[in-house]
């Protein structure tokens, strides 16, 4: 029983690792998907044709690839994390409503479920931002320290 308590205490002390690992994994996954679309443009065009997105395929294709490659890399590194997540939300919304919605839920490939999960995780990362294992944490450390000092001072002197 003592081992379980020690393990729980160790995990609690590193709770922020979980979100950072999730952010990195999601960023690398989106980077890989963008790289796939860049390497095989026909695949992205096929998906857009199946989803009846015929309005501006070249423009959309460039946006999707850039959002996934640059945004995924930025999310993995934790650089401007909220922005990197937010620019990908329209891509995932388009994938949900125009590409995978017709397939429905609980299909063999589960494309809609996976896309909805990715969209949900992007919204979480966009709301939460980056954690301690991020470029943002180090770039904005001084600003964060000033805010924390100001809040502590306000608590002590109401």
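No value in this document is a laboratory result; all are computed from the given coordinates. Just so it is clear, the structure is predicted and the values come from calculations on it, not from any experiment. Neighbour counts run over all protein chains shown; Cβ positions are idealised from the backbone, glycine included.
By the beta-carbon count within 10 Å of each Cβ, the least crowded to most crowded order of 98, 37, 106, fewest first, is 106, 98, 37. Estimated from helices alone, the mean residue ellipticity of the chain at 222 nm is -24000 deg cm²/dmol (sum of -39500 (n - 2.57) over DSSP H runs with n ≥ 4, per residue).
Extending 7 Å from Cα along the Cβ direction at residue 149 and again at residue 6 yields two label points whose distance is 4.0 nm.
Taking the longest Cα principal axis of the chain as reference, the axis of helix 41-50 is set at about 80 degrees.
Histogrammed with a bin width of 5 Å, the alpha carbon distances of segment 16-156 distribute as 2, 10, 17, 19, 17, 13, 8, 5, 4, 3, 2, 1, 0 percent, first bin at zero.
Among 36, 92, the order by Cβ neighbours within 10 angstrom, fewest to most, reads 36, 92.
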